[in-house]
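Here is the structure we will look at.
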Amino acid sequence: MRKKSILFVCLGNICRSPMAEAIMKKIIDNNNLSGSFTIDSAGIQNYHQGQMPDQRMQQHAFARGYLLNHHARQVTSLDFEAFDLIIGMDDSNINSLEQKASTLEDKQKIRRIADFFTNKEIDHVPDPYYGGAQGFDLVIDLLENGCNNLLKSLHEETE
Ligand code: 4NP
C-alpha cells in the first residue's frame, strides 16, 4: 500500500478530530501499518490554537485506552497539498472545507467520516462541546467504527 496521509477535521480541534487522530493511529499501529500512514487533525476555527484537547475528551479517551497529545491548529490551504484525504465530522465542517478547497482535486480529497459508519442512519459525529458525558462516549463509539471501516476501505482500494 502506498503511504497515505489523512487529516481529520472538526470545528475546534479539541474534541472530535484529535480523538479521531488517536483512534486511527491506534488502529494502524495494531495492524502494524504505522509506517504506511501519516495521521493528523486540525480545526476549522483557530479559537483553541495550541491548546491540548478538552479535559472531558481527554478523560473519556483515557478511560477507553487512548492518550490525546495533539495541540490544536487550524486547517490551512497547505493541508490540501499535504494530505490525501481530509475527513470532516459533520456537514458544517464539510461545507467549510469545500470553501477552503481551491481546486477540484482539493475538493475530491474531502470525505465525511459518516460515509464509513456501519450504521447508515447516522450521518455525522455530534459536537460534544456543549453537552454531557454521553456525548463524549458517543464520539468515541462512532469514531472507532468509522476509522476501522476507513482502514478496511483503503485496503480494498489497493487490492
Ligand atoms: P470540536 O468541539 O469541534 O469537536 O473540537 C468544539 C470545540 C470547541 C468549540 C466548539 C466545538 N467552541 O465553540 O469553542
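None of the figures in this text is laboratory data; all of them are computed from the coordinates on show. Predicted, not measured: the structure shown is a model, and the values here were computed from it. Quick reminder, even Gly has a Cβ in these numbers, built from the backbone with ideal geometry, and neighbours come from all protein chains shown.
Are any of the pairs K26/K109; K3/K120; K25/K152; K25/K109; K3/K100; K4/K26 more than 21 Å apart by Cα-Cα distance, and if so, which? Violating the 21 Å limit, Cα to Cα: K26/K109; K3/K120; K3/K100.
Were the residues from A133 through D29 laid out at 0.36 nm apart, the gain over their Cα-Cα distance would be 34.7 nm.
Within the stretch 1-114, the percentage of alpha carbon pairs spaced more than 16 angstrom apart rounds to 57%.
The relative contact order of the stretch 111-159, computed from alpha carbon pairs under 8 Å that lie at least 6 residues apart in sequence, is 41 percent. Along the charge dipole of the chain, which of M24, I87, L67 sits closest to the positive end, that is, farthest toward it, with unit charges on the beta carbon of Lys, Arg, Asp and Glu (+1, +1, -1, -1)? Farthest towards the positive end: L67. Placing dummy labels 7 Å off each Cα toward the beta-carbon, the span from Q108 to D91 is 2.6 nm. Each label was represented as a point 7 Å from its Cα along the Cα-to-Cβ direction; for E156 and E98 these points are 2.4 nm apart. On the beta carbon distance between S5 and M52, with R0 = 22 Å, the FRET formula returns roughly 0.45.
In percent, rounded to a whole number, the relative contact order of the chain is 26, using alpha-carbon pairs under 8 Å and six or more apart.
Label sites at Q74 and D141, each approximated as a point 7 angstrom past Cα along Cα to Cβ, lie 3.5 nm apart. Going by a ≥ b ≥ c, the root eigenvalues of the Cα gyration tensor, does the stretch 82-159 fall in the rounded group (a/c under 1.5), the prolate group (a/b larger than b/c) or the oblate group? Here the stretch 82-159 falls in the oblate category.
Each eigenvalue of the Cα gyration tensor of the stretch 53-122, multiplied by 5 and square-rooted, gives one semi-axis; in descending order these are 26, 17, 10 Å. Span-like helix check, the chain: qualifying full DSSP H segments, with Cα axial length of 20 Å or more and mean Kyte-Doolittle of -0.5 or more, are 16-30, 133-158.
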